[in-house]
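The structure under discussion appears below in the form of structure tokens.
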Amino acid sequence: METCHIVCFGNELHGDDGFGSHVYTQLCQLAWPDTIKVFNAGIAGLNALRFLEHCDKAVLVDALSNFGDVGEICLLRPEDLAENPQRLTGHGLGIPYLLEALKVIRQPLPAIIIVGVEIAGASPFYSGLSDTTAQAIPDTIRLICSLVSE
């Protein structure tokens, strides 16, 4: 039976950069089969590698920059990030760095998909989301549910 981990990234103290953390909260309200696990990676950096162990598939959730219009939900593959690793917000070197490290320590790699929303920007020491980013959460939840049921 295929296992899937949903790993949400974000800094709740930086406005829209907390998008992944807000998605995590909503995902935790849903009933998931034992084969699907949901994690809040926050700003874990390489410590988030542990969330990618023992799974066949991983959905990574994060805020995005320069992938589309503000509020737009994007579905990306790891190779999309390799083209321009600075397009995810915050977290130091971010998901692209995490995925490179994963290649070194784990084979075979899980199938990875990145789900994110284009944000207007991060606002240090602001704990809420902009209206546009918050409005993207329900559609993001629906997209994630469809991805893990495939």
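Before moving on, here are some points about what is shown:
- One residue from VAL38, VAL7, VAL23 being among the aliphatic types (A, V, I, L, M), at pLDDT 95 or above, in contact with a helix residue (DSSP H, G or I) (Cβ under 6 Å, 6 or more places away or on another chain) and in a helix (DSSP H, G or I): VAL23
- Filtered residues of region 9-40 (kept if in contact with an Asp or Glu (Cβ under 9 Å, 6 or more places away or on another chain) and more than 20 Å from GLU150 (Cβ to Cβ)): PHE9, GLY10, ASN11, ASP17, GLY18, PHE19, GLY20, SER21, HIS22
- The set of residues in region 15-39 being farther than 22 Å from ALA120 by Cα and either surrounded by 18 or more Cβ atoms within 10 Å (Cβ to Cβ) or not acidic (Asp, Glu) (or both) consists of LEU27, CYS28, GLN29, LEU30, ALA31, TRP32, PRO33, THR35, ILE36, LYS37, VAL38, PHE39.
- Filtering region 69-88 for residues that are among the hydrophobic types (A, V, I, L, M, F, W, C), more than 22 Å from CYS28 (Cβ to Cβ), more than 14 Å from the chain's Cα centre (by Cα) and assigned to a loop (DSSP other than H, G, I, E, B) leaves a non-empty set.
- Counted residues, region 34-84 - those being in contact (Cβ under 8 Å) with a residue 24 or more places away in the chain, of a type in the set (A, V, I, L, M) and touching a Pro at 6+ places or on another chain (Cβ under 7 Å): 3
The values are calculated or read from the model by the stated rules, or taken from the named source; none is laboratory data. Since this is a predicted model, take the numbers as computed values, not measurements. Don't worry about glycine lacking a Cβ; one is built from the backbone with ideal geometry, like all the others, and counts go over all protein chains shown.
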